[in-house]
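Here's the structure, in structure tokens; my notes come after.
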Amino acid sequence: MVNKMVVKVCFAKLGNIASAPLIEFLLDERAERQDIEVRIVGSGAKMGEEEAKEVAEKIIEFKPDFAITISPNANLPGPKRLREILKNSNIPTIIVSDSPTKKILKELEEQGFGYLIVEADAMIGARREFLDPIEMALFNSDLIKVLAITGAFYVIYTEIDRVIDAFKKREKPIMPKLIIDKDLAIKSANF
């Protein structure tokens with residue numbers, strides 16, 4: 001009998017972007033995969049440094065083979081603190097974020113992080129006094145559909161699967177370093 005490698009993946013969610021609600025389900029929506037064990041740790045809408053520290057503690061407790069952090073603007077203090085803690089804990093990490101994160105790509109690369117920057121993953125942009133919860137839900141559900149049909153989600157899950165496969169083969173994974181723009185997304189959609 002062959003001892004199968006089970007890869008432990010932890011998703012850390014600080015705040016919300018449209019890639020966040022379904023990202024772990026892209027890998028195993030029916031819970032049928034035997035090659036991965038997944039945990040999700042989140043802070044809800046809050047994404048400050050204290051929330052990042054609490055999320056990081058839970059990730060470290062799970063002892064994943066690698067982590068995936070999902071947040072808007074990964075250059076904000078909370079996401080930055082989460083990265084620091086994961087780096088100091090030697091947990092390989094992929095950052096999934098939106099366009100403002102492009103400002104720190106060189107820093108992410110120098111620190112050894114992988115990244116998947118989803119350009120079309122936009123925030124609703126309404127000022128708090130005008131933000132309606134129903135409008136926000138509709139906006140995000142429409143954005144999830146756009147990311148799915150255009151190929152952005154395809155890029156996300158195939159890149160994560162590629163890293164999982166490397167761990168299963170006991171190889172050092174090459175972390176993704178991709179900006180998922182309209183051209184890459186549409187090419188991946190195979191229209």
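The values are calculated or read from the model by the stated rules, or taken from the named source; none is laboratory data. If you're wondering where the values come from, they're calculated on a predicted model, not measured in any experiment. Positions of Cβ are generated from backbone atoms using ideal geometry, with glycine treated the same way; all protein chains shown enter the neighbour counts. Accessible surface areas use protein heavy atoms only, side chains included; no ligands, DNA or RNA. Shrake-Rupley method; radii C 1.70, N 1.55, O 1.52, S 1.80 Å.
If a residue must be at pLDDT below 95 and either assigned to a loop (DSSP other than H, G, I, E, B) or within 23 Å of ASP183 (Cβ to Cβ) (or both), how many such residues does the range 106-141 contain?
Of the residues in that region, 10 qualify.
From the list ASP98, ASP161, ASP165, which residue is within 25 Å of VAL38 (Cα to Cα), modelled with pLDDT of 95 or more, surrounded by fewer than 20 Cβ atoms within 10 Å (Cβ to Cβ) and within 16 Å of the chain's Cα centre (by Cα)?
Values: ASP98 fails: surrounded by fewer than 20 Cβ atoms within 10 Å (Cβ to Cβ); ASP165 fails: within 16 Å of the chain's Cα centre (by Cα).
So the residue among ASP98, ASP161, ASP165 that is within 25 Å of VAL38 (Cα to Cα), modelled with pLDDT of 95 or more, surrounded by fewer than 20 Cβ atoms within 10 Å (Cβ to Cβ) and within 16 Å of the chain's Cα centre (by Cα) is ASP161.
Of all residues in the range 133-158, which are within 18 Å of the chain's Cα centre (by Cα) and open to solvent by 80 Å² or more (accessible area, probe 1.4 Å)?
Result: LYS145, TYR154.
Tell me which residues, restricted to the range 1-14, are at pLDDT 95 or above and not β-branched (Val, Ile, Thr).
The initial filter retains those residues of the range 1-14 that are at pLDDT 95 or above, namely 6-14.
Hits for the range 1-14 are LYS8, CYS10, PHE11, ALA12, LYS13, LEU14.
For the range 161-191, which residues satisfy the criterion of being in a loop (DSSP other than H, G, I, E, B), within 17 Å of ALA148 (Cα to Cα) and of a type in the set (A, V, I, L, M, F, W, C)?
Scanning the range 161-191 gives a single hit, PHE191.
Give all pairs with beta carbons closer than 8 Å in which a residue from the range 175-189 that is under 22 Å from ASP165 (Cα atoms) and basic (Lys, Arg) meets a residue that is modelled with pLDDT of 95 or more and exposed (fewer than 15 other Cβ atoms within 10 Å of the Cβ); count only pairs at least 6 apart in sequence or on separate chains.
Between residues of the range 175-189 that are under 22 Å from ASP165 (Cα atoms) and basic (Lys, Arg) and residues that are modelled with pLDDT of 95 or more and exposed (fewer than 15 other Cβ atoms within 10 Å of the Cβ), the close pairs are LYS177/GLU109.
With the requirement that a residue be in a helix (DSSP H, G or I), over 20 Å from GLU110 (Cβ atoms) and of a type in the set (Val, Ile, Thr), what does the range 39-95 give you?
Selection gives VAL55, ILE59, ILE60.
Quick one: what pairs do we get from the range 21-42, first residue of a type in the set (Gly, Ala, Ser), second at pLDDT 95 or above and exposed (fewer than 15 other Cβ atoms within 10 Å of the Cβ), C-beta under 7 Å, 6+ apart or different chains?
none
From the list GLU119, GLU61, GLU54, GLU109, exactly one residue is touching an Asp or Glu at 6+ places or on another chain (Cβ under 7 Å) and open to solvent by 10 Å² or more (accessible area, probe 1.4 Å). Which is it? Spell out the reasoning first.
Details: GLU61 fails: touching an Asp or Glu at 6+ places or on another chain (Cβ under 7 Å); GLU54 fails: touching an Asp or Glu at 6+ places or on another chain (Cβ under 7 Å); GLU109 fails: touching an Asp or Glu at 6+ places or on another chain (Cβ under 7 Å).
Selected residue: GLU119, the only one of GLU119, GLU61, GLU54, GLU109 that is touching an Asp or Glu at 6+ places or on another chain (Cβ under 7 Å) and open to solvent by 10 Å² or more (accessible area, probe 1.4 Å).
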